[in-house]
Amino acid sequence: METNFIKKKELNREIILNISKKNITKKILLKKNELSKTLNIKGFRKGFIPLNIITKFFGEEIYNNIINKIINDEFNTIIKQKQISVVNNPKQKIIEENKDFIKILLEFEVFPYIKINLNNLKIKKYFVTITDTDIVNEIDKLRSLHGQWINNHLICEKNNIVTIDLYNKIHDKILFVYENKSFKLDLSNDDIKLKNFLLNKKLKHTYDYNFNNDKLFLRIKNIQKNKLSKIDNMFFEKIKFNNKSELNLNDFIKNKLNLQINNISENLLQKDLLTELLNMHKFILPKTLLENNNNDISTLKIQLIFKQIKKDFNINVSDIEINKEIKNININKDQINDITNKIMFNKIIKIIKTKISIDYNEICLKTLFKKVN
């Protein structure tokens, strides 16, 4: 069979097949003879069905199956020889036909070849030396988390929860923008203007407030202040601290913070690592992949980079690794796939980290938490 492999623009490829009609006829005849001996058709003895009857009932189906098998076999042989990875099944089109040959055009897209380069990757990893102040602040945070909210505090202060009405009056009719709306004055980016305005305002007072260029009325209905939890057995129980162990509270908090720091630091490193991988590996994505996938472009590119790293470094996930992860829990097929993908991701990250340069940077705990937020 004559074939012609053509590289088109970007990731588009074409194959032209010249299929001999003699070859098609030969394969069709073989198939008809096979069916004549195995089919059961009413009115005919099994094994003695005339070929014209096979043709009448199954001729078109046999022809389509034979020609599709010829096309698929030849297509698979070519892409294996060319060592290319195909994105989609080829679109088929007859472009010429005569008494001897059928010329068929196959159009498809291939995945880009990605040459993995990890040698020049340099990533920051943050570490923190925990101070006594960090430990005290963390204890206070936990005391606040497990504390009590007391109503009718007189002045709005940082970290209070403030309940307001924001409204306008038109012809003695009240139109609410917010009614009984509560805000925590944590000075996060959400509603920052309003939160700053509320600071130091008094309970049961009404103030003028500009909202989207409209002059409105803001009434403070309630101010809740957090009363810190006492450091007692109930508090220890809530934070899961065993006060009868050899570990004291400060060491317990320090260990807890170290776990947080390690997790945050590792997540930041992975995030920077993925960004650098994208920066160092520039390639276009197949249009078919973009059309049939809900993931964003960066995610798709990372998936292809990881796929190439997996191939280059011969990384696999064993059944033993999967079983160790699931610990004999009854899970469905999708969950097993998720676990397998997670193990593969971690193994690829581990390989990458052995190939790159890591620059360790010491920062304070507050700065590390800011990087997350």
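Among the residues of region 179-194, those identified as modelled with pLDDT under 95 and either buried (at least 16 other Cβ atoms within 10 Å of the Cβ) or not hydroxyl-bearing (Ser, Thr, Tyr) (or both) are Phe183, Lys184, Leu185, Asp186, Leu187, Asn189, Asp190, Asp191, Ile192, Lys193, Leu194. Please specify each residue of region 225-245 satisfying the condition of being farther than 14 Å from Asp140 by Cα and in contact with a strand residue (DSSP E or B) (Cβ under 8 Å, 6 or more places away or on another chain). Across region 225-245, the qualifying residue is only Lys225. Every condition in (1) in a loop (DSSP other than H, G, I, E, B); (2) surrounded by 14 or more Cβ atoms within 10 Å (Cβ to Cβ); (3) touching a Cys at 6+ places or on another chain (Cβ under 9 Å) holds for Asn200 except the one numbered (2).
Looking across region 136-154, the residues that are of a type in the set (A, V, I, L, M) and in a helix (DSSP H, G or I) come down to Val136, Ile139, Leu142, Leu145. Condition first: hydrophobic (A, V, I, L, M, F, W, C), loosely packed, with under 12 Cβ neighbours inside 10 Å, outside the structural domain of Asp359 (by TED's automatic domain parsing) and touching a Leu at 6+ places or on another chain (Cβ under 7 Å). Can you find one or more residues in region 118-137 that meet it? Looking for residues that are hydrophobic (A, V, I, L, M, F, W, C), loosely packed, with under 12 Cβ neighbours inside 10 Å, outside the structural domain of Asp359 (by TED's automatic domain parsing) and touching a Leu at 6+ places or on another chain (Cβ under 7 Å), one finds none in region 118-137, hence no.
For Glu321, the conditions (1) surrounded by 14 or more Cβ atoms within 10 Å (Cβ to Cβ); (2) over 27 Å from Asp272 (Cβ atoms); (3) acidic (Asp, Glu) are fulfilled apart from (2). Which one of Lys103, Lys99, Lys32 is modelled with pLDDT under 95 and in a helix (DSSP H, G or I)? None of the other options fit; the residue is Lys32. The residue list Asn210, Asn196, Asn189, Asn159 contains one member that is without any contact (Cβ under 8 Å) to a residue 12 or more places away in the chain and under 30 Å from Asn258 (Cβ atoms), which is Asn189. Considering Ile352, Ile284, the condition of being touching a Pro at 6+ places or on another chain (Cβ under 7 Å) and either free of Cβ contacts under 8 Å to residues at least 24 places away in the same chain or not small (Gly, Ala, Ser) (or both) is satisfied by Ile284 alone. Answer yes or no: is there a residue in region 6-22 that is in a helix (DSSP H, G or I), of a type outside the set (Asp, Glu), at pLDDT 90 or above and not assigned by TED's automatic domain parsing to the domain that holds Pro286. Yes, region 6-22 contains a residue that is in a helix (DSSP H, G or I), of a type outside the set (Asp, Glu), at pLDDT 90 or above and not assigned by TED's automatic domain parsing to the domain that holds Pro286.
Restricting Thr129, Thr163, Thr133 to residues that are modelled with pLDDT of 95 or more, in contact with a strand residue (DSSP E or B) (Cβ under 9 Å, 6 or more places away or on another chain) and farther than 30 Å from Phe197 by Cβ narrows the list to Thr129. If you go through region 217-248 and pick out every residue that is touching a helix residue (DSSP H, G or I) at 6+ places or on another chain (Cβ under 6 Å) and in a loop (DSSP other than H, G, I, E, B), you end up with 5. Scan Asn314, Asn262, Asn279 and give me the residue that is at positive phi, more than 18 Å from the chain's Cα centre (by Cα) and surrounded by fewer than 13 Cβ atoms within 10 Å (Cβ to Cβ). Criteria check complete, one pass: Asn314. Gln335 falls short on exactly one of the conditions (1) surrounded by 15 or more Cβ atoms within 10 Å (Cβ to Cβ); (2) part of a helix (DSSP H, G or I), and that condition is (1).
Report yes if some residue within region 258-277 is farther than 30 Å from Glu138 by Cα and part of a loop (DSSP other than H, G, I, E, B); otherwise report no. Taking every residue of region 258-277 in turn, none turns out to be farther than 30 Å from Glu138 by Cα and part of a loop (DSSP other than H, G, I, E, B).
The values are calculated or read from the model by the stated rules, or taken from the named source; none is laboratory data. The model shown is predicted, which means the values in this text are computed figures rather than measured ones. Neighbour counts run over all protein chains shown; Cβ positions are idealised from the backbone, glycine included.
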